[in-house]
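S.K.: Quick one: this structure, given as structure tokens, is what I'll be asking you about.
The values are calculated or read from the model by the stated rules, or taken from the named source; none is laboratory data. Quick caveat: nothing in here was measured; it's all calculated off a predicted structure. A quick note on method: Cβ atoms are made from the backbone with ideal geometry, for glycine too, and the neighbour counts reach across all protein chains shown.
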Amino acid sequence: MNVDDIRRDFPILSQTIRGKPLIYLDSGASAQKPRAVIDAMVNAMETQYANVHRGLHWMSERTTDAYEATRDAAAKLMNAGDRAEIVFTRNSTEAMNLVAHSYGRGILKAGQAVVISAMEHHSNIVPWQMLRDAHGVELRVAPITDAGELDMAAFEALLEDGKVGLVSVTHMSNVLGTVTPAERIVQIAHAHGAKAMFDGSQAIVHRPIDVQALGCDFYAWTGHKLYGPTGIGVLWARRELLEAMPPFLGGGDMISSVTFEKSTWAQVPHKFEAGTPAILEGIGLKAAIDYVLGIGYEALAAHELALTDHALARLGAIEGLKIYGRAQDRGGVISFMLDKAHAHDVATLLDRQGIAVRAGNHCAEPLMRRLGVDSTARASFGMYTTMAEIDALADTLNRVREFFT
Amino acid sequence: MADTFDDLRDLYQEVILDRGRHPRHGQRLETFDATAKGDNPMCGDRVQVWVAFAPDSTIAETGFEARGCAISVASADLMAETVQGRSKADTAALFASFRDMVRTGVCPACDTAMEQLAPLSGVHEYPSRVKCATLPWHALIAALDGTKEASSE
């Protein structure tokens, strides 16, 4: 994999910010888009755009084919056994809300429990709190160790009373970079009669996801972090679960027939896809998936590992800089703080040098509390990130520290 | 390495860096008449403001505790200084002018008080940081109004 070639595929990377070349280290928030994605969306609008699943005309048929091809691409990406197990959502947040609402209220019983972890994004916390308050399902939180790894013994102990119906944890922390031991989590969940779901928003960007090998029951991710458009995400779920679950949103496209007395539901996955979907975004997502698979996860993972090792070494050598999260298995997301400067000030100074990082609580307030901080700065890498960019980050951070000393 | 960040000196003037590091009013008041918290949930900045009134109901003293960036701490500290001796209405008017200044960078009717706050005018070039400068003011106004919490969202 040649990073220079990849960079040429991302038009935005040739931008300058305040006269400096853009160094985009915020891919964990949202990744940049390759030309193939941009072209696929523009081309669809220019040549074949119409609504999907309803027109009998040429345009609608072409657009439906293109949109549905994304379902095949997503199934291939995750090694899903059945394309009908791919449900399109707006994003991971909606995917998890779908499960919390539909599986949570439709299948889980009051008195059962859901287990999440202490390092979840708000999107894997709040839907379960809403379910708890509406439906009487208990919410349990598995602790993490000081290194930022899931405390597996404590996690297993939470399931021992047999009340847990669902485990929903991150596959890779958006703050700490920690990759969780997904196979082991699934084994433990299943051994105690619980289903297992992963928030794969970060993980799917960095390593291959094989839902059949993982053995999990639900897996959620979002297109815009995988170099695709915003507004389209995926929930993968076992077909028998989707068939047993009641619909989430009601409306057009998700029905079989409607009378004022009663409606019946479309087959899965359409039962969960009410209304006109994100057609262009879906078409763009297929281009993103094809692009990622064209490079291959092996090369992506090797590049990311090299970047992460280099960044941990360079940032770790900066006096007064603390890195949050020291998991053995981790991805290219690094949270840090300088002793002399607040994260927002750090982000502003870096921005002036053309370096984009995120600063704040990263939609993970409970984790921030666990770490004993209000906010951190976070650098996150993409396939187009270079070693030189990480050097520029480290060099600039040294100067930031001097500025505030 | 001042050269690297030269253009940032508009934002991080010496007085901001100094007040951010060593605020003069950055403590809770032992006796106070009103207090309120300010919270910016998007970035995690938090501030609590305590106010003691003089017999004529003007502000005798303001203290604060802030967990936030240099801009928000310096803003709280300069605020505490400039609102001393002001009535509630005066303070609200000063905040309105201050808010205009940090949004636009200009201060059309700049009196002495506004000149004291002027080091924060550079923040207008950083739209995402304006809330850092206004958060302590939201908390102060909430305290004067008798509400307990304010948000700069």
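S.K.: Find the helices (runs of 4 or more DSSP H) located wholly in segment A:288-405 whose residues include 1 or more that are touching a Ser or Thr at 6+ places or on another chain (Cβ under 6 Å), and list them. Show your work before the answer.
M.R.: On the way: elements: A:297-316, A:343-352, A:365-371, A:387-403.
So the answer is A:297-316, A:343-352, A:387-403.
S.K.: Now a separate question. So how many residues does segment A:7-57 have that are touching a residue at least 12 places away in the same chain (Cβ under 8 Å), more than 21 Å from A:THR230 (Cα to Cα) and part of a helix (DSSP H, G or I)?
M.R.: 0
S.K.: Output the residues belonging to segment A:19-50 that are of a type outside the set (Ser, Thr, Tyr), touching a Lys or Arg at 6+ places or on another chain (Cβ under 8 Å) and at pLDDT 95 or above.
M.R.: Across segment A:19-50, the qualifying residues are A:ASP26, A:GLY28, A:ALA29, A:ALA31, A:ALA40.
Rundown of residues vs (1) within 9 Å of chain A (Cβ to nearest Cβ); (2) surrounded by 15 or more Cβ atoms within 10 Å (Cβ to Cβ); (3) part of a helix (DSSP H, G or I), yes/no style:
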| site | (1), (2), (3) |
| --- | --- |
| B:LEU8 | yes, yes, yes |
| B:VAL15 | no, yes, yes |
| B:PRO23 | no, yes, no |
| B:ARG28 | no, no, no |
| B:PHE32 | no, yes, no |
| B:LYS37 | no, yes, no |
| B:CYS43 | yes, yes, no |
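S.K.: Right, next: Take the residues of segment A:241-268 that are acidic (Asp, Glu) and farther than 23 Å from A:ASP217 by Cα: which is surrounded by the fewest Cβ atoms within 10 Å (Cβ to Cβ)?
M.R.: In the first step, residues of segment A:241-268 are kept if they are acidic (Asp, Glu); the result is A:243, A:253, A:261.
Narrowing the set further to residues that are farther than 23 Å from A:ASP217 by Cα leaves A:253, A:261.
Values: A:ASP253: 18, A:GLU261: 5.
Only one residue fits best here, namely A:GLU261.
S.K.: Here is a further query. Is at least one residue of segment A:354-367 under 13 Å from A:ILE23 (Cβ atoms) and either at the interface with chain B (Cβ under 10 Å from one of its Cβ atoms) or surrounded by 22 or more Cβ atoms within 10 Å (Cβ to Cβ) (or both)?
M.R.: We begin by selecting, within segment A:354-367, every residue under 13 Å from A:ILE23 (Cβ atoms); these are A:354-357.
Filter once more, so that each one left must be either at the interface with chain B (Cβ under 10 Å from one of its Cβ atoms) or surrounded by 22 or more Cβ atoms within 10 Å (Cβ to Cβ) (or both): A:355, A:357.
Yes: one or more hits.
S.K.: Okay, moving on. Select, from A:THR396, A:THR386, A:THR405, A:THR376, the only residue that is more than 20 Å from the chain's Cα centre (by Cα) and crowded, with 20+ Cβ neighbours inside 10 Å. Give the derivation first.
M.R.: Values: A:THR386 fails: crowded, with 20+ Cβ neighbours inside 10 Å; A:THR405 fails: crowded, with 20+ Cβ neighbours inside 10 Å; A:THR376 fails: more than 20 Å from the chain's Cα centre (by Cα).
Answer to the check: A:THR396.
S.K.: With (1) in contact with a strand residue (DSSP E or B) (Cβ under 6 Å, 6 or more places away or on another chain); (2) outside any strand (DSSP E or B); (3) crowded, with 24+ Cβ neighbours inside 10 Å; (4) not polar (S, T, N, Q) as the list, and A:LYS225 as the residue in question, which single condition is left unmet?
M.R.: Result: A:LYS225 fails condition (1) only.
S.K.: Does segment B:47-54 include one or more residues that are at the interface with another protein chain (Cβ under 8 Å from one of its Cβ atoms) and either touching a residue at least 40 places away in the same chain (Cβ under 8 Å) or surrounded by fewer than 16 Cβ atoms within 10 Å (Cβ to Cβ) (or both)? Explain how you work it out, then say what you get.
M.R.: As a first pass, look at segment B:47-54 and keep what is at the interface with another protein chain (Cβ under 8 Å from one of its Cβ atoms): none.
Checked segment B:47-54: no residue is at the interface with another protein chain (Cβ under 8 Å from one of its Cβ atoms) and either touching a residue at least 40 places away in the same chain (Cβ under 8 Å) or surrounded by fewer than 16 Cβ atoms within 10 Å (Cβ to Cβ) (or both).
S.K.: Does segment B:135-147 include one or more residues that are within 14 Å of chain A (Cβ to nearest Cβ) and buried (at least 16 other Cβ atoms within 10 Å of the Cβ)?
M.R.: First, pick out the residues of segment B:135-147 that are within 14 Å of chain A (Cβ to nearest Cβ): B:135.
Filter again for buried (at least 16 other Cβ atoms within 10 Å of the Cβ), leaving B:135.
Taking every residue of segment B:135-147 in turn, at least one turns out to be within 14 Å of chain A (Cβ to nearest Cβ) and buried (at least 16 other Cβ atoms within 10 Å of the Cβ).
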